[in-house]
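These notes are about the structure you will find just below.
All of the numbers you see were taken from the coordinates with simple rules; none came from a lab. Everything numeric here is computed off the predicted structure, so don't read it as measured data. Every residue, glycine as well, gets a Cβ built from its backbone with ideal geometry; the counts of neighbours run over all protein chains shown.
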Amino acid sequence: MRDVSPVDATIFAPATDSAIPTLPVEHNDPLNARILAVSEDKIAGFVPEPFQEIARRSGVPLFDVLARIRAMLRAGTIRRVRQTLLATNLASGALVAWKVPPACLEAAFDFMSKRDPFSGHVVLRSTDTATAGSDYKLWTTLKVPRGFSLQEHGELLTRVLGAEQFILMPARGIFVLGVGHVRRKTIEPGARADTPAEITRVEAVELNPREWQVLLALKRELDPSEIHEETPWLARAREAGVSFEEFCAVAKSLEQRKLIGRFSTFLEHVKPSETGVRVTRFNGLFHWAVPAGREIEAGGEVGRHLILTHCYWREGGPQFGNVNIMAVAHGTEKDRLLAHKAAIDDHLRERGIPVTYTNVFWGGRSEIKPSEISPIAYEEWRRKMAGGEIPIPG
């Protein structure tokens, strides 16, 4: 490590609880907002020095970037800092809708969020009126390592949780995958890119043992003590048992194979901060059913709208009006999100794309965490489930 100047030394020194209040930790502080507008979802791919890149793009000095991100992470405004993966190409995955008896719903939510590392986004959803699929209140993402079965995992959870039914909706294509809640706050309904969003196909990719070592070290979220001037990947390379140069080379190779997402600071966007501030209040899962054969066209037109954080081609089946295009938007006002949805509906009509069904599933209680994708971790979890080592709802 190079010599550390007196200013740098404050970066490496661990922050104490008494020091945290001296820095603003809300997302709407002007300097924090400048940092987050970049750090949420603008650092695409693998970057050897991610914090330096955030500083460069935001125009905020590196010292302040490091201090503010570390303070927001300690305060819980940022829930995690990590390198994301495009895990759809590494593990079998699906969005899952669960029909759970009302008496079991909260227990099922708790188990999915706390005891099942392969269920990622765990959300209770509702609709404004009783419509197709509105009795499916629990929604999760699910990934299991290749060689294992999504269906079997779902059946196991059905027995454990007392669920009545589940529907797997694997992604057939991805049009939008990002976050950027801070910079999306001012986007006007109907604002869209000049061209349609391009589809990313879901394709299985196999890794060798060395690549798995690097990937597992790369994906784990950063502790506040790792947020300092030195790149976090130097220590992660040592953890993986490779040189820093080899670590970066493997990471770049994984990026070229479309396995690396972005380096991101994820905000706690639904739960209020310690002072009661929320990044967003509402999230809507938008559904559209378009004619078979026009999914890519429709997904591209939907996905070009800048408010969306996610847009997928998924097949929901007759329980959900044969929906095949799904998207997610977040905001602080429900009416404004509905205005964004109406603008997308209007755009589809203008493009001559028929819609036979559309709906909005509103998110309520939620826990967001990355899904585990390690085959070793999956085998261990199944062993513990079989041995009764993981508490299940009684």
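Determine the shape class of the stretch 192-232: with a ≥ b ≥ c the square roots of the Cα gyration tensor eigenvalues, call it rounded for a/c under 1.5, and otherwise prolate if a/b is greater than b/c, oblate otherwise.
oblate
Could you give the size of the charge dipole of the chain about its Cα centre, using +1 on the Cβ of each K and R and -1 on the Cβ of each D and E, expressed in debye and rounded to the nearest 20?
Working: 50 positive and 49 negative charges, 76 e Å.
The calculated dipole for the chain is roughly 360 debye.
Specify whether the C-alpha gyration tensor of the stretch 81-207 places it in the rounded, prolate or oblate class, a ≥ b ≥ c being the square roots of the eigenvalues: rounded for a/c under 1.5, otherwise prolate if a/b is larger than b/c and oblate if not.
Oblate shape, in that a/c is at least 1.5 and b/c is the bigger or equal ratio.
Given contacts defined as C-alpha pairs under 8 Å and at least six residues apart, what's the relative contact order of the chain, whole-number percent? Don't skip to the end; give the middle numbers.
Details: 730 pairs, mean separation 99.4, N = 394.
Normalised by residue count, the contact order of the chain is 25 percent.
Rounded to the nearest 0.05, what FRET efficiency do Glu188 and Arg383 have when you use their Cβ-Cβ distance and R0 = 56 Å?
Computed FRET efficiency for Glu188 and Arg383 comes out at 0.60.
From the residues Ile227, Ser113, Ser374, which one has its Cα farthest along the dipole of the chain in the positive direction, the dipole being from +1 and -1 charges on Cβ of Lys/Arg and Asp/Glu about the Cα centre?
Result: Ser113, furthest along the dipole toward the positive end.
With Kirkwood radius over Cα pairs in Å as the read-out, I listed (i) 28.9; (ii) 22.2; (iii) 21.5; which label goes with the value calculated from this structure?
So the calculated entry is the one marked (ii).
What number, in percent, do you get for the relative contact order of the stretch 21-121 if the mean sequence gap of Cα pairs under 8 Å and at least 6 apart is divided by its residue count?
On the way: 52 pairs, mean separation 21.2, N = 101.
The value is 21 percent.
Counting other beta carbons within 10 Å of each residue's own, what order do Met72, Met169 fall into, fewest first? Please report the intermediate quantities before stating the final value.
On the way: Met72 29, Met169 22.
The order, fewest Cβ neighbours first, is Met169, Met72.
Taking the Cα centre of the stretch 50-148 as origin, sum charge times position over the Cβ atoms of Lys and Arg (+1) and Asp and Glu (-1), and report the length of that vector in debye to the nearest 20.
Working: 15 positive and 7 negative charges, 88 e Å.
Magnitude of the dipole: close to 420 debye.
Which lysines have a Cα less than 27 Å from the Cα of Lys219, not counting those fewer than 8 places away in the same chain?
Leaving aside lysines fewer than 8 places away in the same chain, those within reach of Lys219 are Lys42, Lys114, Lys143, Lys252, Lys258, Lys271, Lys369, Lys384.
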